[in-house]
1. Looking at 445, 417 in this structure, which one is over 19 Å from residue 346 (Cα atoms), in contact with a helix residue (DSSP H, G or I) (Cβ under 8 Å, 6 or more places away or on another chain), touching a residue at least 60 places away in the same chain (Cβ under 8 Å) and assigned to a helix (DSSP H, G or I)?
2. Check residue 507 against each of (1) away from the ligand (no atom under 15 Å from the Cβ); (2) buried (at least 19 other Cβ atoms within 10 Å of the Cβ) and name the one condition it does not meet.
3. Taking residue 177, is it assigned to a strand (DSSP E or B), under 30 Å from residue 538 (Cβ atoms) and away from the ligand (no atom under 16 Å from the Cβ)?
4. Pull up region 430-442, narrow it to residues that are free of Cβ contacts under 8 Å to residues at least 60 places away in the same chain and assigned to a strand (DSSP E or B), then point me to the one that is nearest to residue 377 (Cα to Cα).
5. Provide a single number: the residues in region 365-413 that are in contact with a helix residue (DSSP H, G or I) (Cβ under 7 Å, 6 or more places away or on another chain), away from the ligand (no atom under 16 Å from the Cβ) and more than 26 Å from residue 161 (Cα to Cα).
6. Among 420, 427, which is the only one that is within 22 Å of residue 473 (Cβ to Cβ) and away from the ligand (no atom under 16 Å from the Cβ)?
7. Going through region 420-456 one residue at a time, which ones are within 25 Å of residue 392 (Cα to Cα) and either surrounded by fewer than 16 Cβ atoms within 10 Å (Cβ to Cβ) or modelled with pLDDT under 95 (or both)?
8. For region 341-356, state whether one or more residues are surrounded by 24 or more Cβ atoms within 10 Å (Cβ to Cβ) and outside any helix (DSSP H, G or I).
Ligand code: ADA
């Protein structure tokens, strides 16, 4: 399933997870557009790197299965994520295409005849002119249908999207409901629309949509007797939009929300009117056995480890995450910084603008109802020092604000006092590797205070804004124990994290602290091939989630912060 709950009670939905026929380019011996023979099976969802002989395969692969329709129907295929480019064929004809591994997407094929049909998905994880966001990088781009897939049967007029934005006035909550409809039929259609929230039905009125177009209905549901969402009490509510025609329920869409308001107030971050501080990890979707296709239990286990470490915050570095992971964060009460897909990417790639904008749009379109997502990020360590780079930062930040004005926006920068884009963000976020790439552990605080002094001076663009230390850390090879505590030993990593956390968690000007990184992850061989084991080894746990020496000191520092912050509130 795409979520941890069912999104439909009326619409017919069938998961397409399971074994599909599979073949890679190098196993094919034909020149046809689509394979005539498949050499093996692949499990969907999964990364093909988990299959024998494919653990470093970069190329194309084809997945095939059949679907059967008892009667003619409008078929809507929903993909949680395909890494990294997909072309969808039905009975040999292309019906859909998508770029980027990390955002959900849907393909609608109207009026498919009754009977058995061949569904093929061509997947490509190569780098080059066709790919601006996926490139050689300090994480691995896996290949495959790496997140769940479902097939839905939709009526001509169906619910295409639901946005539900909580609004707080004093202690009173209301909900701005925006529903988008799509008519894929040949004639105009209408329906009566209602919303069910916490066992109460609200009438949204009647919608009439001309053939082959979309339309929207909006309504504010006022004075709702609801309990707010917070990490301590992550209260969640299902919202079900239902369409009815002549007393027949024709379609529905269910999402799950939390009533919370997250804002900046001067130098503070504020949840439901109370200052909060964030402490946690940067987490890649990566696992030695599953690649980026972690099953739900593994995603849950990662959050349980972060909870054991007394964390309340996770950054989805550097791309939108699996919707099930975000569902878990909603349920467990984690704050999430979600960001569109970028890690130190050049802006001069011919496809950058279109792919970056589409990825950002899809992230917000599909994920905006998650209460755990409290801020949007973008453009990690990209060019925020040149005028050209500023144009791109303003473009993406303005797009985010157009699509969702309810959340603060940030980007993680390593440009220090050279940054010229801090005026565009609500929260200033710094990646600082003091004691690893430069400096030592003796003057972390002095260096930080120098940066804060610059930030709060006129002209920086960030004066008076909340500050998050979005990345800091050190590499440690699991099992490398050294009494002389040299770099790459677990001891040095523990010392650096302990010293850094002691400063960042207690500094009055720092509102958030995210360690780089949760676990060791695979990196793309090449520029990062020099990394030991071709891995980024800065995890507090290794890739098998085995704790390094830093684990206990991080856990203690985070616990101290909980006590101190509670006292300060
Ligand atoms: C950067 C980058 C991370 C990672 C880190 C490191 O801050 O944002 O993705 O590459 O450096 O480990 O050096």
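The values are calculated or read from the model by the stated rules, or taken from the named source; none is laboratory data. For clarity, every value in this text was computed on a predicted model and none was experimentally measured. Here the Cβ positions follow ideal geometry from the backbone for every residue, glycine too, while neighbour counts run over all protein chains shown.
1. 445
2. Against the list (1) away from the ligand (no atom under 15 Å from the Cβ); (2) buried (at least 19 other Cβ atoms within 10 Å of the Cβ), residue 507 comes up short only on (2).
3. No; evaluated as a whole, the condition is false for this residue.
4. 430
5. So the answer is 1.
6. Criteria check complete, one pass: 427.
7. Matches in region 420-456: 423, 454, 456.
8. yes
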